[in-house]
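Notes follow the structure.
The values are calculated or read from the model by the stated rules, or taken from the named source; none is laboratory data. Everything numeric here is computed off the predicted structure, so don't read it as measured data. Every residue, glycine as well, gets a Cβ built from its backbone with ideal geometry; the counts of neighbours run over all protein chains shown.
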Amino acid sequence: MKTLIALLSFALSCVSAFAAPFEGPEGKSYVYKTSAGVERKMEIFFPPNHDPAKSKVPGVIFFHGGGWSGGSLSQFRFAASYFASRGLVCATAEYQMLGKAGMEKLAKGESKKRACVTDAKSAIRWFKKNAAELGIDPARIITGGGSAGGHISALATMNPGLNDPTDPKDIDTSVVAYLWFNPAFEDSDKTDPEIDILNHLKADLPPAIVFFGDKDTWKKGWDVAHAKWKALGTKTIDLQIAVGQNHSFFNKDPWRSVTLIAADEFLVKQGLLTGKPTLVMPASGKKLMLPAE
């Protein structure tokens with residue numbers, strides 16, 4: 001019953017989050033693969049006056065949330081266009097989401113999330129493979145996402161399995177940093193080790209900034225993973241808390257601007273951006289807090 005209540009709560013939070021208006025232009029559309037007979041697309045946003053022949057800048061690839069069964073590219077258009085204005089090549093990628101028919105074909109114990117992770121790995125590899133055309137440095141790729149997209153980006157880069165056999169085998173999915181907006185890790189994932197984050201944690205995690213509302217019921221899963229990372233000796237996680245906020249709080253202002261400014265400053269610290277954020281902190285005075293120890 002508790003599991004059912006948690007799932008219903010998550011579904012309702014997703015509906016609420018994705019019903020909000022998402023501002024921001026569409027990026028240039030690319031097809032990065034075909035899976036289950038459907039073209040999978042990503043939108044790419046380029047910096048002003050970007051010349052791929054002359055510049056190789058860091059790249060960012062975001063994965064949207066939606067409970068591993070919904071959502072759209074619109075969620076991270078604003079973030080991608082913002083970071084492109086700051087000098088990065090940014091992508092937001094869709095991925096396969098299994099419907100009832102697809103789930104009925106899964107072996108016992110296998111999760112529908114597997115297909116999402118496989119496509120996310122393909123998206124990262126495509127991004128790297130086309131680095132010269134896009135004007136990015138394949139050795140300086142950043143990834144992340146919101147909710148289910150945060151989970152997908154983590155597994156796509158940490159789990160050596162779940163690869164599409166048609167992907168280029170000489171291109172890995174490693175990244176140099178993470179931008180995680182309330183990544184959805186949950187206890188029920190333990191039924192399928194391939195998509196359980198706890199099976200794929202290592203001490204040498206690339207620098208990560210993580211945003212959570214302290215009222216988010218999905219923070220429990222994050223706390224378990226975070227505790228294990230700390231037990232492994234990981235010191236690269238910058239956790240920022242929005243007091244009084246629930247799941248997907250970052251999707252609209254004032255918190256959208258607050259989190260993007262913090263993410264910008266984080267990337268500057270990592271040497272992946274220069275200068276100061278061009279977004280203005282909202283007049284509301286909302287601020288992120290460090291977690292209580």
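Residues of segment 279-293 being surrounded by 11 or more Cβ atoms within 10 Å (Cβ to Cβ) and assigned to a loop (DSSP other than H, G, I, E, B), which ones?
LEU279, MET281, PRO282, SER284, LYS286, LYS287, LEU288, PRO291
Farther than 18 Å from ASP119 by Cα and either out of contact with any helix residue (DSSP H, G or I) (no Cβ under 8 Å at 6 or more places or on another chain) or not in a helix (DSSP H, G or I) (or both): does that describe ALA107?
Considered against the rule, which asks whether it is farther than 18 Å from ASP119 by Cα and either out of contact with any helix residue (DSSP H, G or I) (no Cβ under 8 Å at 6 or more places or on another chain) or not in a helix (DSSP H, G or I) (or both), ALA107 comes out as yes.
Cβ contacts < 8 Å: first residue free of Cβ contacts under 8 Å to residues at least 12 places away in the same chain, restricted to segment 103-120; second residue surrounded by 13 or more Cβ atoms within 10 Å (Cβ to Cβ) and not aliphatic (A, V, I, L, M), any location; separation 6+ or different chain. Result?
MET103/LYS112; LEU106/LYS112; LEU106/ARG114
Show the residue pairs that are 6+ apart or on different chains and have beta-carbon atoms under 6 Å apart, the first residue being within segment 218-240 and among the polar types (S, T, N, Q), the second being not in a helix (DSSP H, G or I).
Pairs that qualify, where the first residue is among the polar types (S, T, N, Q) and the partner is not in a helix (DSSP H, G or I), are THR234/ALA203; THR234/LEU205; THR236/LEU205; THR236/PRO207; GLN240/PHE211; GLN240/LEU288.
State yes or no: is ALA131 closer than 18 Å to GLY87 by Cα and either touching a helix residue (DSSP H, G or I) at 6+ places or on another chain (Cβ under 6 Å) or small (Gly, Ala, Ser) (or both)?
yes
Going through segment 170-193 one residue at a time, which ones are of a type outside the set (Ser, Thr, Tyr) and farther than 30 Å from ASP137 by Cβ?
Passing the criteria: GLU186, ASP187, ASP189, LYS190, ASP192, PRO193.
Out of curiosity, is ALA184 crowded, with 24+ Cβ neighbours inside 10 Å, within 20 Å of PHE250 (Cβ to Cβ) and out of contact with any strand residue (DSSP E or B) (no Cβ under 7 Å at 6 or more places or on another chain)?
Spelling it out, ALA184 is indeed crowded, with 24+ Cβ neighbours inside 10 Å, within 20 Å of PHE250 (Cβ to Cβ) and out of contact with any strand residue (DSSP E or B) (no Cβ under 7 Å at 6 or more places or on another chain).
Here are the criteria: (1) modelled with pLDDT under 95; (2) in a strand (DSSP E or B). Tell me which single one LYS169 does not satisfy.
Only one criterion in (1) modelled with pLDDT under 95; (2) in a strand (DSSP E or B) is unmet by LYS169, namely (2).
Scan segment 47-65 residue by residue and report those that are assigned to a loop (DSSP other than H, G, I, E, B) and either surrounded by fewer than 21 Cβ atoms within 10 Å (Cβ to Cβ) or touching a strand residue (DSSP E or B) at 6+ places or on another chain (Cβ under 6 Å) (or both).
Residues satisfying the conditions are PRO47, PRO48, ASN49, HIS50, ASP51, PRO52, ALA53, LYS54, SER55, LYS56, GLY65.
Pick from ASP223, ASP189, ASP216: which is surrounded by fewer than 20 Cβ atoms within 10 Å (Cβ to Cβ) and of a type in the set (Asp, Glu)?
Exactly one of ASP223, ASP189, ASP216 is surrounded by fewer than 20 Cβ atoms within 10 Å (Cβ to Cβ) and of a type in the set (Asp, Glu), namely ASP223.
Looking at segment 259-278, is at least one residue under 16 Å from ARG86 (Cβ atoms), loosely packed, with under 14 Cβ neighbours inside 10 Å and among the charged types (D, E, K, R)?
Yes, segment 259-278 contains at least one residue that is under 16 Å from ARG86 (Cβ atoms), loosely packed, with under 14 Cβ neighbours inside 10 Å and among the charged types (D, E, K, R).
For residues that are among the polar types (S, T, N, Q) and in contact (Cβ under 8 Å) with a residue 40 or more places away in the chain, scanning just segment 24-69, find the one that is nearest to LYS129 (Cα to Cα).
SER55
If we scan segment 2-20, do we find a residue that is in a loop (DSSP other than H, G, I, E, B), modelled with pLDDT under 95, over 23 Å from ASP192 (Cβ atoms) and not acidic (Asp, Glu)?
yes
Does segment 71-88 contain any residue that is surrounded by fewer than 22 Cβ atoms within 10 Å (Cβ to Cβ), within 20 Å of ALA156 (Cβ to Cβ) and not hydrophobic (A, V, I, L, M, F, W, C)?
yes
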